[in-house]
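Worksheet: one structure, shown below.
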């Protein structure tokens, strides 16, 4: 009897681990999918291989950081709690002006910075497309890669000179900074806990992805854009200014990856080369999903995220050491060789 | 007639090149760059860029994975120091061979695709090597700390006990300072000669044909992949050699040498100088390494000294706007420079020189002919 119960307990723990890794993978995949979605959107519409896309993710993250810094601008006030001598502490202006409301606003700075990030990222995206990338449509892919690579370096150096080289931690709101007891909620025992913020990130990425798809599939604007992806010339002949719509799509892509960056701040304190770290991964995701396929990018993002988190299980690492470090690239290599179009790539898009 | 530049006599070219490289400590001293550390860097990155240019310049295949070969070269060299001998010759040999083998494996897989897919495949392999070097391969690479010499290393060929750490030598000559530079310079010259031979050989012509139009090349009955693979392996061996030379002048190796942004650096150098030209990459190396050295050293006081002749308010203003671009901000300057190069001068500095040359000569002879030839040159480089 005892033995049986013990076995049962073991089984239960395995179940928990699997579920936990699944969640881990899903929320990692959420970030991958969001960046890859933007990347493939740009590629599908403008035909530009954008190596500066990771930098947009990074800029989004720094939107959140600078918004937080802005809110916590503070002045020195006398610390009343210490009576022995004159002590001073920093108190944000917001708290001085608004009292408790101010404290709450600061606490919620990361979600609130979404409101700032949307217009800012839209502007950055539009400026980037109109000012720089527009001139590279007719150049070769190699030149596009090189130019946007240079752009990415410039952007990250600017961020470095403003914010310094160290990661800047910015906390999530107090209520959701703890962990959710998922096990209890699902009736699986108390062992299954998961950080609230990462759950929120997963939900958030799902909402954004759904939003982008709805925009492209349900609106007239989206229909025109999809038609443009398919055959740009014909759409242009029908009297539609497709170039302008594609510019807007670039702005949209910038917003999507920017928002991915904003919400990622509490998960990983951003530093200036965050963009480069994510860039390679997101390219791999796009290639695995299939160049120019939006569904493919999302599916591959989640798939690779889950795969990676399962490979970081100790049991699997014991069989093949180091597999968690390379699995994503390994999958990409295999897919590129056996299924050159990627999982859901369409015929005729970027084949060589 | 103007399209085909007169090919200089090979022997003469090699002699001039060697003379220029070997006298670098003399003619660079007025520029303040004649100290051994920087000279070694010139030579080492020169080797790296020459090799990279054989692949990217001739075939047009943009690889982001060459840093991995550099890393392999470095690690091999340090292991050779640890296990065999402090003599650099075996280290260099092993590094080149191992990097070549490594390149053969990666090239064999990556070259199945072309264009951007090739770039991403090499990128993926480079990241794999980097991640592995950092994590599981720690017994070989010593992970984050980097591989270093230790006193208790076996060194079976010359295990004579010395005080402290032994230094690298070439049959008794210690490779520190200028001797280190001349050692690297010898390899640079050797590398240049080989590159020159490749550029002017039928093999080089085939590589160029692949860049121009691979499909047409295939129709004429050539199987392009063996040529591509050979070019890839050769350029990987150059990278391995450069890695070995790095380890020879400073015997340690770290994983960060393998990161893909390190490959980006050699791409920057090659593009800036001039892709596909013999001297372009070397020019790029010279420019980038020289200015990196100069710019990184400039701080705010130095800037004030530079703009001293201006009125005070203008001085303050100039210092304010130039300050972000020097010192720590050198990479910002580099990025901007690179963007401008790719946008306006895809052929790099060499194209600029050609352009000026043609402008000069066309003024003397015929205006229209000069513009038409520059146009064809531009078309040729942008395709």
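Numbers for the structure displayed
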| item | result |
| --- | --- |
| Lone qualifier among B:88, B:72 - being crowded, with 19+ Cβ neighbours inside 10 Å, farther than 26 Å from residue B:272 by Cβ, away from chain A (no Cβ under 14 Å) and touching a residue at least 40 places away in the same chain (Cβ under 8 Å) | B:88 |
| Matching option when the condition is closer than 23 Å to residue B:133 by Cα, more than 12 Å from chain B (Cβ to nearest Cβ) and crowded, with 20+ Cβ neighbours inside 10 Å, among A:275, A:305 | A:305 |
| Qualifying residue in the stretch B:165-178 (condition: buried (at least 16 other Cβ atoms within 10 Å of the Cβ), away from chain A (no Cβ under 14 Å) and without any contact (Cβ under 8 Å) to a residue 40 or more places away in the chain) | no |
| Pair list, Cβ under 7 Å, 6 or more apart: the stretch B:212-233 residue farther than 12 Å from residue B:59 by Cβ, other residue surrounded by 18 or more Cβ atoms within 10 Å (Cβ to Cβ) | B:218/B:224; B:222/B:206; B:233/B:100; B:233/B:103; B:233/B:107 |
| Residue satisfying condition, being at pLDDT 85 or above, more than 20 Å from residue B:188 (Cβ to Cβ) and not in a loop (DSSP other than H, G, I, E, B), within set B:43, B:19, B:68 | B:68 |
| Residues located in the stretch A:83-114, provided they are in contact with a strand residue (DSSP E or B) (Cβ under 9 Å, 6 or more places away or on another chain) and part of a loop (DSSP other than H, G, I, E, B) | A:86, A:87 |
| Residue that is farthest from the other protein chains (Cβ to nearest Cβ), among those in the stretch B:133-160 that are in contact with a helix residue (DSSP H, G or I) (Cβ under 6 Å, 6 or more places away or on another chain) and crowded, with 19+ Cβ neighbours inside 10 Å | B:147 |
| Residue in the stretch B:327-336 that is surrounded by the fewest Cβ atoms within 10 Å (Cβ to Cβ), counting only those that are more than 8 Å from every other protein chain (Cβ to nearest Cβ) and modelled with pLDDT of 75 or more | B:333 |
| Of the criteria (1) surrounded by 20 or more Cβ atoms within 10 Å (Cβ to Cβ); (2) within 12 Å of chain B (Cβ to nearest Cβ); (3) more than 30 Å from residue A:154 (Cβ to Cβ), which one residue A:281 fails | (3) |
| Only listed residue being away from every other protein chain (no Cβ under 13 Å), more than 28 Å from residue A:280 (Cα to Cα), modelled with pLDDT of 85 or more and in contact with a helix residue (DSSP H, G or I) (Cβ under 9 Å, 6 or more places away or on another chain), chosen from B:314, B:310, B:278, B:303 | B:278 |
| Complete set of residues in the stretch A:137-160 that are without any contact (Cβ under 8 Å) to a residue 60 or more places away in the chain and under 19 Å from residue A:67 (Cβ atoms) | A:158 |
| Considering residues of the stretch B:244-261 that are over 12 Å from residue B:131 (Cβ atoms) and outside any helix (DSSP H, G or I) only, the residue farthest from the other protein chains (Cβ to nearest Cβ) | B:251 |
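Yes or no, residue by residue, for (1) closer than 29 Å to residue B:116 by Cα; (2) surrounded by fewer than 18 Cβ atoms within 10 Å (Cβ to Cβ); (3) over 25 Å from the mean Cα position of the chain (by Cα); (4) within 14 Å of chain B (Cβ to nearest Cβ):
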| position | (1), (2), (3), (4) |
| --- | --- |
| A:155 | yes, no, no, yes |
| A:200 | no, no, no, no |
| A:204 | no, no, no, no |
| A:226 | yes, yes, no, no |
| A:235 | yes, no, yes, no |
| A:239 | no, yes, yes, no |
| A:242 | yes, no, yes, no |
| A:246 | yes, no, no, no |
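The values are calculated or read from the model by the stated rules, or taken from the named source; none is laboratory data. Bear in mind the structure is a predicted one, so any value in this text is a computation, not a measurement. Neighbour counts run over all protein chains shown; Cβ positions are idealised from the backbone, glycine included.
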